[in-house]
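Worksheet for the structure shown next.
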């Protein structure tokens with residue numbers, strides 16, 4: 001069901017297709033990891049139209065690619081949330097949810113002796129997964145209401161411990177511009193977090209935070225201001241090094257229309273402006289957050305990633321396939337624990353100073 005913003009209704013659109021290819025260091029589950037085999041996963045969602053129930057099929061094949069995975073999400077006029085978490089020695093605990101419910105059966109949801117595995121969410125617009133096993137912990141969450149992807153992977157300083165999370169969402173947005181001319185709409189995507197305990201000279205950490213845009217055939221063209229197209233970017237962190245890449249398959253990015261600002265301790269803010277044409281136009285949005293943190297390192301990106309629109313200008317409204325996209329609190333950064341400690345110390349010092357002044 002579509003949600004109607006500003007009291008305006010937009011017409012239905014034909015099926016659209018958006019392909020997301022994300023390459024990153026992410027471990028496979030269970031025995032597949034022991035065998036050095038990673039998973040290639042294809043999720044195909046076919047929508048009859050946005051006013052009918054969509055049909056989704058899942059197909060999986062395994063590729064013998066050690067240390068590298070390619071994830072493909074193909075969406076048609078629909079929305080999806082997906083979250084998975086894995087950890088422990090040889091990834092011996094695992095959990096996965098899709099569209100708010102446990103997904104994959106016992107093959108994707110299991111716990112090591114003494115560990116825990118849980119998955120679910122607020123179907124279908126929120127999915128989360130959480131595991132513990134030995135010294136490994138991992139958590140993943142994807143939420144369409146707020147535009148958040150969250151995740152952490154903690155191996156807690158123990159050699160041989162692994163932790164991995166993957167969170168993603170996608171939605172289709174239909175804009176209605178009633179002004180007769182172009183309108184400008186701000187857009188941003190924030191990724192930031194912390195990494196500790198990283199082994200020097202060893203590949204122990206990897207993060208991929210991906211934003212991808214697409215448009216169906218027949219839609220009026222939406223562009224980024226300062227560019228001739230609408231396109232996303234990818235933030236990558238691998239064992240101490242960061243880079244900005246193209247969102248579909250890596251490599252050199254198209255930075256036209258984007259401002260990229262570093263965000264500490266580790267991260268980046270992508271900010272731009274959409275040029276939305278008069279009438280009806282459609283934009284497909286897909287995001288992905290992958291974290292692989294092992295052999296003693298801890299990666300906490302539970303405050304990221306955050307997708308958001310700016311304030312809607314007069315005359316612009318939108319609906320979404322999910323019916324709830326960005327209807328919750330605006331996506332905003334949460335201070336890191338170190339920042340909170342510094343802020344607390346500052347308040348204590350200020351209080352002490354005021355007490356001394358009163359005493360004088």
Stretch gain in nm, segment residue 327-residue 89, where the contour uses 0.36 nm per residue and the Cα spacing is subtracted: 81.7 nm
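Rounded to the nearest 0.05, what FRET efficiency do residue 314 and residue 227 have when you use their Cβ-Cβ distance and R0 = 35 Å?
On the way: r = 24 Å, r/R0 = 0.70.
The value I calculate is 0.90.
Counting other beta carbons within 10 Å of each Cβ, put 112, 299, 133 in order, fewest first.
On the way: 112 20, 299 30, 133 27.
Final ranking by Cβ density, sparse to dense: 112, 133, 299.
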Hey, could you grab the Kirkwood Rh for the stretch 154-300? Inverse mean 1/r over distinct alpha carbon pairs, Å, one decimal. 16.7
Taking neighbour counts of Cβ atoms within 10 Å as a proxy for exposure, in what order, fewest first, do 198, 165 appear? 198, 165
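At 0.36 nm per residue, and after removing the present C-alpha to C-alpha distance, how many nm does the segment from residue 244 to residue 271 gain when stretched out fully?
Numbers: separation 27, 0.36 × 27 = 9.72 nm, distance 1.35 nm.
Result for the pair: 8.4 nm of gain on full extension.
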Can you sort 184, 316, 208, 102 from fewest to most other Cβ atoms within 10 Å of each residue's own Cβ? 184, 102, 316, 208
For residue 101 and residue 196, calculate 0.36 nm times their separation in residues minus their Cα-Cα distance, and state this gained length in nm to one decimal. 31.0 nm
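All of the numbers you see were taken from the coordinates with simple rules; none came from a lab. Computed from a predicted model, the values in this text were never measured in an experiment. When we count neighbours, we look across all protein chains shown, and the Cβ atoms used for this are built from the backbone with ideal geometry, even at glycine.
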